[in-house]
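Inspection log for the structure reproduced underneath, given as C-alpha cells.
The values are calculated or read from the model by the stated rules, or taken from the named source; none is laboratory data. Given the structure is predicted, the values throughout are model-derived calculations rather than measurements. Backbone-built Cβ (ideal geometry, glycine too); neighbour counts: all protein chains shown.
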Amino acid sequence: MKQTALTKVHKELGAKMAPFAGYEMPIQYSGLTDEHMAVRESVGVFDVSHMGEFMVRGPQALDLIQKISTNDASKLVPGKVQYSCMPNGKGGIVDDLLIYKMADQEYLLVVNASNIQKDWDWIQQNNNFDAQLEDISENITLLAIQGPKTAEAMKALTDVRLNEMKYYTFEKGTFARVDDVIISATGYTGSGGFEIYFDNAHAEKIWNAVMEAGKGYGIKPAGLGARDTLRLEKGFCLYGNDIDDSTSPIEAGLGWITKFTKDFIDSDKLKKQKEEGVARKLVAFKMIDRGIPRKDYKIVDADGNELGVVTSGTSSPNLKVGIGMGYVKIENAKVGESIFIEVRNKQLKAEIVKLPFV
C-alpha cells in the first residue's frame with residue numbers, strides 16, 4: 001500500500017487507518033460526527049494527497065482538454081478553476097475532475113485517486129495534439145482545510161488574502177513560510193475553505209503550522225469518513241458510487257458542466273440525451289422510516305417493484321436521519337414522491353427531496 005507524506009503523523013494522532021485507492025488513509029480520528037461537525041461549524045483538515053495531479057502543457061494543451069472534457073475550458077483564465085468530467089466514448093464517465101488554468105498553455109488536472117492510471121491512459125490515448133503530459137501525483141501533498149472559520153484561522157500563515165478569494169479561484173503564494181503553494185478556494189464539503197497543494201518535502205511543517213494556527217478555532221483533523229458524509233449532505237457526486245463508466249452526465253444531473261458550445265468525446269450522444277430526455281435520473285432522498293440506506297440497496301415502489309438502486313447513503317450528522325442518492329426511472333423521479341428502500345428484507349419509506357440536504 002502507498003503512503004502519503006503524512007501517514008506517520010496520522011498514526012501518531014491515533015487515526016483509524018484503512019486501505020483506500022491503493023493508499024493507507026485516515027478514516028477517522030476523534031469520531032465521524034465530531035469531525036463532521038467541526039467542518040460544518042468551524043474548521044477541519046483532511047489529508048487528501050492520494051488524489052492525482054497531471055500537468056498539461058504546450059501550444060495545444062487547451063485543444064486536448066476541450067476534446068476530453070464536457071465543460072468549456074476556453075472560458076478559464078489564469079487563476080480560475082473549473083469542475084468537469086471526461087466522457088468515455090460510450091456515454092459513460094471516465095472520471096470527474098478539476099481543471100486549473102495555471103498560465104497560457106499550462107493546466108493542472110486534479111483527478112480521483114482510484115482512477116489515476118485509468119485517467120492517464122485515457123488522456124494519453126486521446127492526445128493527438130501538440131500537448132505534453134506530466135504525472136506529478138507522487139510528488140504532491142494536498143490538504144483540504146475546510147469550514148466557515150478557515151480563512152480567519154489561516155490568514156496569519158499566508159500573504160494571500162484568503163477572505164477576498166472567490167469560490168473556484170486559486171493563487172500561488174507563500175504559506176507557512178513555504179513558497180509556491182497553490183491555494184485554491186475549492187473543496188468537497190460545501191462548508192467553504194481551501195485546498196493547498198505543495199511539495200511532499202514540506203508536508204509535516206505545513207501540517208503542524210495549520211494545526212497550530214487553527215488551535216484557537218477548534219480545528220480537528222478529519223478522515224475520509226467525515227469527507228463522505230459532508231459531501232453527501234451537499235449532494236456532491238462520488239466517482240464509483242453516483243457516477244461511473246455506466247452513467248451519463250445528463251442522468252447524473254451534471255448537465256450544468258456539459259457544454260455543447262464545442263465538440264468533445266460523446267458530445268453528439270449527450271446532446272441527444274439532453275434534447276430527448278433520459279430513462280433514469282439520479283435523485284436525492286430522505287428517510288421517513290428509521291433506517292440507514294447503503295450503497296446497492298434496492299429502491300422499490302409501494303408494491304415492491306424495483307425502481308432503481310441506492311448509490312450513496314448514510315446517516316446525516318446534521319439532520320439525524322438517513323439520507324441517500326440513487327438512480328430511479330424518470331417517471332418516479334419527482335420531488336415529493338414516496339419511494340421505499342429495501343433494508344434487511346424490510347421496505348422502509350423515504351421521500352425524494354431537492355438537493356442540497358443541508
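Quick one: in the stretch 229-259, of everything that is touching a helix residue (DSSP H, G or I) at 6+ places or on another chain (Cβ under 7 Å) and without any contact (Cβ under 8 Å) to a residue 40 or more places away in the chain, which residue is farthest from Leu98 (Cα to Cα)?
Ile250
Could you go through the stretch 81-96 and let me know if any residue there is over 22 Å from Pro249 (Cα atoms) and modelled with pLDDT of 95 or more.
No: zero hits.
Kindly evaluate Glu212 against the criterion of being among the acidic types (Asp, Glu) and in contact (Cβ under 8 Å) with a residue 60 or more places away in the chain.
no
Scan Lys262, Lys281 and give me the residue that is in a strand (DSSP E or B) and either surrounded by fewer than 16 Cβ atoms within 10 Å (Cβ to Cβ) or in contact with a helix residue (DSSP H, G or I) (Cβ under 7 Å, 6 or more places away or on another chain) (or both).
Every option except Lys281 fails the conditions.
With Asp159, Asp199 as the choices, which residue is among the acidic types (Asp, Glu) and either under 20 Å from Ile99 (Cβ atoms) or within 23 Å of the chain's Cα centre (by Cα) (or both)?
Asp199 is the lone residue from the list that is among the acidic types (Asp, Glu) and either under 20 Å from Ile99 (Cβ atoms) or within 23 Å of the chain's Cα centre (by Cα) (or both).
Can you confirm whether Met86 is in contact with a helix residue (DSSP H, G or I) (Cβ under 9 Å, 6 or more places away or on another chain), crowded, with 20+ Cβ neighbours inside 10 Å and under 30 Å from Arg280 (Cβ atoms)?
For Met86, the condition - in contact with a helix residue (DSSP H, G or I) (Cβ under 9 Å, 6 or more places away or on another chain), crowded, with 20+ Cβ neighbours inside 10 Å and under 30 Å from Arg280 (Cβ atoms) - is met.
Does any residue of the stretch 311-318 turn out to be more than 25 Å from Ala226 (Cα to Cα) and modelled with pLDDT of 95 or more?
The answer is no, given that none of the residues of the stretch 311-318 is more than 25 Å from Ala226 (Cα to Cα) and modelled with pLDDT of 95 or more.
Please list, ordered by residue number, the strands (runs of 3 or more DSSP E) wholly in the stretch 1-108 having 3 or more residues that are under 19 Å from the mean Cα position of the chain (by Cα).
The qualifying strands (runs of 3 or more DSSP E) are 23-28, 44-47, 52-57, 81-87, 93-103.
Could you list all residues from the stretch 174-225 that are more than 27 Å from Phe236 (Cβ to Cβ), in a strand (DSSP E or B) and in contact with a Ser or Thr (Cβ under 9 Å, 6 or more places away or on another chain)?
Once the filter is applied, which keeps residues that are more than 27 Å from Phe236 (Cβ to Cβ), in a strand (DSSP E or B) and in contact with a Ser or Thr (Cβ under 9 Å, 6 or more places away or on another chain), the stretch 174-225 yields Thr174, Asp180, Asp199.
Yes or no, residue by residue, for (1) of a type outside the set (Gly, Ala, Ser); (2) in contact (Cβ under 8 Å) with a residue 40 or more places away in the chain:
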{"site": "Tyr83", "(1), (2)": "yes, yes"}
{"site": "Met86", "(1), (2)": "yes, yes"}
{"site": "Ala113", "(1), (2)": "no, yes"}
{"site": "Gln124", "(1), (2)": "yes, no"}
{"site": "Glu134", "(1), (2)": "yes, yes"}
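Given Glu233, Glu251, which one is buried (at least 17 other Cβ atoms within 10 Å of the Cβ), more than 25 Å from Asn88 (Cβ to Cβ) and among the acidic types (Asp, Glu)?
Matching residue, one of Glu233, Glu251: Glu233.
For the stretch 185-202, what are the residues that are within 20 Å of Glu35 (Cβ to Cβ) and among the charged types (D, E, K, R)?
Glu195
Suppose the filter is of a type outside the set (Phe, Trp, Tyr), touching a strand residue (DSSP E or B) at 6+ places or on another chain (Cβ under 7 Å), surrounded by fewer than 18 Cβ atoms within 10 Å (Cβ to Cβ) and free of Cβ contacts under 8 Å to residues at least 40 places away in the same chain; does Val310 pass it?
Answer is no for this residue.
Within the stretch 113-151, which residues are outside any strand (DSSP E or B) and closer than 18 Å to Ile182 by Cα?
Selection gives Ile136, Ser137, Glu138, Asn139, Thr150, Ala151.
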